[in-house]
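Here is the structure we will look at.
The values are calculated or read from the model by the stated rules, or taken from the named source; none is laboratory data. As the structure is a prediction and not an experimental result, all values here were calculated from the model. Ideal geometry is used to build each Cβ from the backbone, glycine not excepted, and the neighbour counts take in all protein chains shown. Keep in mind that these areas ignore ligands, DNA and RNA; they rest on the heavy atoms of the full protein, side chains included. Shrake-Rupley method; radii C 1.70, N 1.55, O 1.52, S 1.80 Å.
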Amino acid sequence: MQNVTHLLKTRRFVPLFVTQFLGAFNDNLFRTAMVLLVIYGIYRSAAQEAAFSALAGGLFILPFFLLSALSGQLADAYDKARIARAVKTAEILIMIFGAAGLYYQNIPSLLVALTAMGIHSTFFGPIKYAILPQHLERDEVLGGTGLVEAGTYIAILGGTILGGLLVVQDADGTYHAEYAALCVLLVALAGRVAGQFIPAAPPSTEDSGTVNDPDLPKAELDWHVVRASINLVKATMHVPRLFVAIMAISFFWAIGAVLAAQFPPLVKNVFGGDQSVATLFLAIFSIGVAVGSVIINRLLKGEVSARFAPMSALLMGACVIALYVLSLGWTPYPELVGMKVFLEEPAGWPVVLALFGVATFGGMFVVPLYAFLTTTVPKSETARTVAANNIVNAGAMVGATVLLFVMVQAGVSVEQTLLLVAAGTLVSAWLGKKLHRACLEAGCP
């Protein structure tokens, strides 16, 4: 990373980085173990499996839509480090419930724990981004954001791989996940320990160098979550530069939600792969986003700019089309195959490279957008701005997940849903172009 590796030696960054890393690791360890256990060990129907993936994605996202306004208000009104520690304590309690669901293979318990983890992430998300401009210098924010994103997706990679490995198949063909149940508890405890060392981040009255816009959300607590959400989004989206940034991020996560929800069914029912291949897909996606986060920071040299966003979105769409074409020509084996056999297929490595391209260009697209959000508003309003973004993101992702669910029930194939993703990247490219103009007007380099 350009000029920011020193952050990995400072207390103003490392505890937050480690806490976020462990949270993302545990999140994906639990979700991967849950999805693979259900799809490979419980359900035996392609329609049920696709519907479950869509439902699980929607339940995880729903709290972002309902509670982001409250989380943003709290993060701007109270010490962010104290809130982070409270959230990590709650994660331990959630994982006790989730571990029981994994151990007893109880789908309702698993879905309840997944929804609770969505609530956990809803309250930690604004803190993660709002602390960065408060603890870092302005020329460190893009690099710090890139490090957090890269670290997050490396954690996703590790959690995804371990989650897949800990769903064990016995000789009689049954699956169990008690090792995963134990692991999610241990990681939750480690995350709470790391959170204890995050430096204090009290409510800020310091301006980040921008003009204080009277149309930005006001620093006040409203416990009516619906009214607070509406008011927060209206106040934030009224600012043109933030409107474009949030819409661009939202379209990105909407198409990402569709893609992620379809990974396990795509692997099993299109490519004929077992859970090791599903783990490979999720791992390649995680590596790609981490690589994209590093590349874009290198290209921009620490500047906050969206000038590469349109190109990144279009290249992401091209890679999705390549994945779609490869899926049409794939002939699966009569039985599910492992990673070695999958990669020995003539189209095996091209599929992996296409997926890697989707993720890399996606990382290049989204990282500067988050840096833009956190550096073009006063520090005292950063958490609420991120929260407003999360609300709109969640709405877009829930809408995309519902659309995916309806399409699957109507008989649309998993391969055909990739075309929906490709179409979404065109909209993202258009919004990226508008964002670059807005960024220049806001005084970004």
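Couple of notes before you dig in:
- Odd one out for Gly292, checked against (1) in contact with a helix residue (DSSP H, G or I) (Cβ under 6 Å, 6 or more places away or on another chain); (2) not aromatic (Phe, Trp, Tyr); (3) not in a helix (DSSP H, G or I): (3)
- Taken together, the residues in the range 147-181 that are assigned to a strand (DSSP E or B) and surrounded by 17 or more Cβ atoms within 10 Å (Cβ to Cβ) amount to 2.
- Residue in the range 349-368 that is under 27 Å from Gly57 (Cα atoms), modelled with pLDDT under 80 and of a type in the set (S, T, N, Q) present: no
- Counted residues, the range 339-355 - those being farther than 20 Å from Gln275 by Cβ and either touching a residue at least 24 places away in the same chain (Cβ under 8 Å) or open to solvent by less than 40 Å² (accessible area, probe 1.4 Å) (or both): 3
- Top-ranked residue of the range 404-419 - restricted to ones that are of a type outside the set (A, V, I, L, M) and assigned to a helix (DSSP H, G or I), ranked as farthest from the chain's Cα centre (by Cα): Gln409
- Single match in Pro332, Pro310, Pro378 (criterion: closer than 19 Å to Trp430 by Cα and touching a residue at least 24 places away in the same chain (Cβ under 8 Å)): Pro310
- Ala90 vs. criteria in contact (Cβ under 8 Å) with a residue 24 or more places away in the chain and either under 21 Å from Leu373 (Cα atoms) or more than 21 Å from the chain's Cα centre (by Cα) (or both): no
- Filtering the range 420-434 for residues that are surrounded by fewer than 22 Cβ atoms within 10 Å (Cβ to Cβ), of a type in the set (Ser, Thr, Tyr) and assigned to a helix (DSSP H, G or I) leaves an empty set.
- Any hit, the range 323-330, residues being assigned to a helix (DSSP H, G or I) and open to solvent by less than 20 Å² (accessible area, probe 1.4 Å): yes
- Close pairs from the range 255-270: first within 13 Å of Tyr40 (Cβ to Cβ) and assigned to a helix (DSSP H, G or I), partner β-branched (Val, Ile, Thr) and open to solvent by less than 10 Å² (accessible area, probe 1.4 Å), Cβ under 7 Å, at least 6 apart: Pro264/Ile39; Val267/Val277; Lys268/Ile39
- Scanning the range 305-322 for residues that are in contact with a Leu (Cβ under 8 Å, 6 or more places away or on another chain) and open to solvent by less than 10 Å² (accessible area, probe 1.4 Å) turns up Ala306, Ala309, Ala313, Gly317, Val320.
- Qualifying positions in the range 179-221 - modelled with pLDDT of 85 or more and touching a Leu at 6+ places or on another chain (Cβ under 7 Å): Tyr179, Ala180, Ala181, Cys183, Val184, Val187, Ala190, Gly191, Ala194, Ile198
- Considering the range 134-146, the residues that are open to solvent by less than 30 Å² (accessible area, probe 1.4 Å) and part of a helix (DSSP H, G or I) include one that is nearest to Ala278 (Cα to Cα), namely Gly146.
- The residue that is farthest from Arg437 (Cα to Cα), counting only those in the range 362-403 that are over 18 Å from the mean Cα position of the chain (by Cα) and open to solvent by less than 10 Å² (accessible area, probe 1.4 Å), is Arg384.
- Residue satisfying all of: in the range 259-276; more than 22 Å from Met316 (Cβ to Cβ) and at pLDDT 75 or above; most open to solvent (accessible area, probe 1.4 Å) among these: Asn269
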